[in-house]
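The values are calculated or read from the model by the stated rules, or taken from the named source; none is laboratory data. Note that the structure is a prediction, hence the values are computed from the model and not measured. Note: ideal-geometry Cβ built from the backbone for every residue, glycine included; neighbour counts use all protein chains shown. Keep in mind that these areas ignore ligands, DNA and RNA; they rest on the heavy atoms of the full protein, side chains included. Shrake-Rupley method; radii C 1.70, N 1.55, O 1.52, S 1.80 Å.
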Amino acid sequence: MTSYDDVRGLWVDHVQRTRTWSEDRSHAVYMSLVQQVVEMLRGQPELAPQLLEALRQADPESDWHSFLYAVLVPNRMLAMEDPDAFRAHPEVAFSAEQMPIRVAAALVRMTAFPKTDDEAELARYTRSWFGGRPLAPAGEEWPRRADGTPLAHVVQVDLNDDWEMMRPEIGLPSRGLLQVFHDLETYGNPEDAGDVAWRVRWFDTDDFDGFAPTARPDDLPIPACTGPLAARPSPMATVPSVLDLHHPDQDTWDRYKRIQTWLENYPYTHNRLMAPDLAATSSPWGGDPSRLVPVSRLCGYGYNEFNPDYQKILDAQLPLSVGDEHVMFADINPGQFTDEDWFHGQRHLQIWMRRSDLAERRFDDCWAFIRLDG
């Protein structure tokens, strides 16, 4: 039976033995020791609370803290690269059925980026932003609703950026400019089918020489005039909401919620250089995590739980062929980028498509919901 003192002893022995070793050799042995202790935890879960308390008490700048962190905290990149290995970590310990994982493209504000109201100036540095005016070729008109009301430009994402991400796995095109428009008020009920209250527009190009910010229509509603606010696409692993668990006990609920929070905070941590004020400063294992605004994303799982009422609408509006399925294309949280009353109290906007339509880039075939249940 391994004790906390045994783990501490292994660490002290490692430090003493490797003090004069090369960095590469020392790191290899260090990672082997981390895996050894992880295996101990898998067979002896009662050891975890002692190590967690030691993590909380350790100096955050110490090597002992770093070691405990490596042992206790699941690697979030591993969730994208090897989901089974991530789920096997003793602090996760869920099956693929209990915790399916999908990679998404997170959209995080770049708050350290110089603020400007000039989209042409901003486009010199990035073509991804919330709000503002969309880029388009000359002659391209601002999208409007069926009754002529101009739609708000919600977000623009440059797919040509170097994201260090697995876009084929996510399902997005490998190049081009994606733009989302919405009238900010249409819920996505069945009777909204003819309103043309939203639009996803994709320009399939990597040459933007002929692109320029589209002039705002004179009749664009004032609340729709927010931005532009620079955004950074980055990869994140997503899981379904903890509310989708089927009758979990308290331990299962807490463990799942801890992992979900850990994964949801990753884009902020990954983006700390461009948004240091938003970076998560703690983890669910080292203390209470920072309360961060749920991040907007393309694809993956949304922040809201599964709702059969919305699924019925999707089944009617986007009927499926055999072998097809509905996938979430976008989950936009206006709380990231505007103080205006978008989407009836800053509710999440979700856009759904058939997987076959996403694969064939038929972005006109989509359905949008303002989620009132989260």
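Taking the conditions exactly as written (within 15 Å of Val71 (Cα to Cα) and among the hydroxyl-bearing types (Ser, Thr, Tyr)), does Ser22 satisfy them or not? Lay out the reasoning, then the answer.
Details: within 15 Å of Val71 (Cα to Cα): no; among the hydroxyl-bearing types (Ser, Thr, Tyr): yes.
Spelling it out, it is not the case that Ser22 is within 15 Å of Val71 (Cα to Cα) and among the hydroxyl-bearing types (Ser, Thr, Tyr).
Taking Gly176 as the residue in question, decide whether it is touching an Asp or Glu at 6+ places or on another chain (Cβ under 6 Å), open to solvent by less than 30 Å² (accessible area, probe 1.4 Å), closer than 30 Å to Pro83 by Cα and not aromatic (Phe, Trp, Tyr). Criteria met by Gly176.
Checking each residue in the range 165-223 for being hydroxyl-bearing (Ser, Thr, Tyr) and within 24 Å of the chain's Cα centre (by Cα) picks out Ser174, Tyr187. Candidates are the residues of the range 87-99 that are out of contact with any Pro (no Cβ under 6 Å at 6 or more places or on another chain) and hydrophobic (A, V, I, L, M, F, W, C); the one that is nearest to Val38 (Cα to Cα) is Ala88.
Suppose we filter the range 115-130 for residues that are hydroxyl-bearing (Ser, Thr, Tyr) and at pLDDT 90 or above; how many remain?
Kept after step one, since they are hydroxyl-bearing (Ser, Thr, Tyr), are these residues of the range 115-130: 116, 125-126, 128.
Then drop every residue that is not at pLDDT 90 or above, which leaves 126, 128.
Residues that pass the stated criteria total 2.
Only one of the numbered conditions (1) modelled with pLDDT of 95 or more; (2) open to solvent by 50 Å² or more (accessible area, probe 1.4 Å); (3) under 17 Å from the mean Cα position of the chain (by Cα) is not met by Ser296, and that is (2). With respect to the conditions (1) without any contact (Cβ under 8 Å) to a residue 60 or more places away in the chain; (2) open to solvent by 10 Å² or more (accessible area, probe 1.4 Å), Thr186 lacks only one, and its number is (1).
Name the one entry in Ser22, Ser32, Ser26, Ser62 that is of a type in the set (S, T, N, Q), farther than 22 Å from Ala93 by Cα, out of contact with any helix residue (DSSP H, G or I) (no Cβ under 7 Å at 6 or more places or on another chain) and open to solvent by 60 Å² or more (accessible area, probe 1.4 Å). Talk me through it step by step, then tell me what you get.
Working: Ser32 fails: farther than 22 Å from Ala93 by Cα; Ser26 fails: open to solvent by 60 Å² or more (accessible area, probe 1.4 Å); Ser62 fails: open to solvent by 60 Å² or more (accessible area, probe 1.4 Å).
The match here is Ser22.
When residues in the range 86-122 are screened for being open to solvent by 10 Å² or more (accessible area, probe 1.4 Å), touching a Leu at 6+ places or on another chain (Cβ under 7 Å) and not in a loop (DSSP other than H, G, I, E, B), 1 of them pass.
So that you can scan it fast, the table gives a plain yes or no per residue for (1) among the acidic types (Asp, Glu); (2) closer than 20 Å to Pro233 by Cβ:
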position	(1), (2)
Asp118	yes, no
Tyr125	no, yes
Gly131	no, yes
Pro134	no, yes
Glu141	yes, no
Gly148	no, no
Leu159	no, yes
Glu169	yes, yes
Gln179	no, yes
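Contact map, the range 118-131: residues that are over 19 Å from Pro334 (Cβ atoms) and touching a residue at least 40 places away in the same chain (Cβ under 8 Å) paired with residues that are of a type in the set (S, T, N, Q) and open to solvent by 70 Å² or more (accessible area, probe 1.4 Å), Cβ distance under 6 Å, separation 6+ or inter-chain. No pairs are found.
Taking the range 325-373, which residues are at pLDDT below 95, open to solvent by 10 Å² or more (accessible area, probe 1.4 Å) and at positive phi? Scanning the range 325-373 gives His344, Gly345, Gln346. Answer yes if at least one residue in the range 258-267 is out of contact with any Gly (no Cβ under 8 Å at 6 or more places or on another chain), open to solvent by less than 20 Å² (accessible area, probe 1.4 Å), at pLDDT 85 or above and of a type in the set (S, T, N, Q), and no otherwise. Yes.
Rundown of residues vs (1) touching a residue at least 60 places away in the same chain (Cβ under 8 Å); (2) of a type in the set (Asp, Glu); (3) in contact with a His (Cβ under 7 Å, 6 or more places away or on another chain), yes/no style:
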residue: Trp21; (1), (2), (3): no, no, no
residue: Ala28; (1), (2), (3): no, no, no
residue: Leu33; (1), (2), (3): no, no, yes
residue: Gln36; (1), (2), (3): no, no, no
residue: Asp63; (1), (2), (3): no, yes, no
residue: Asp84; (1), (2), (3): no, yes, no
residue: Glu97; (1), (2), (3): no, yes, no
residue: Met110; (1), (2), (3): yes, no, no
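Pairs are defined by a Cβ separation below 6 Å, a sequence spacing of at least 6 or placement on different chains, a first member in the range 213-240 that is in contact (Cβ under 8 Å) with a residue 12 or more places away in the chain and over 30 Å from Glu169 (Cβ atoms), and a second member that is open to solvent by 30 Å² or more (accessible area, probe 1.4 Å) and among the hydrophobic types (A, V, I, L, M, F, W, C); the pairs so defined are Pro213/Ala120.
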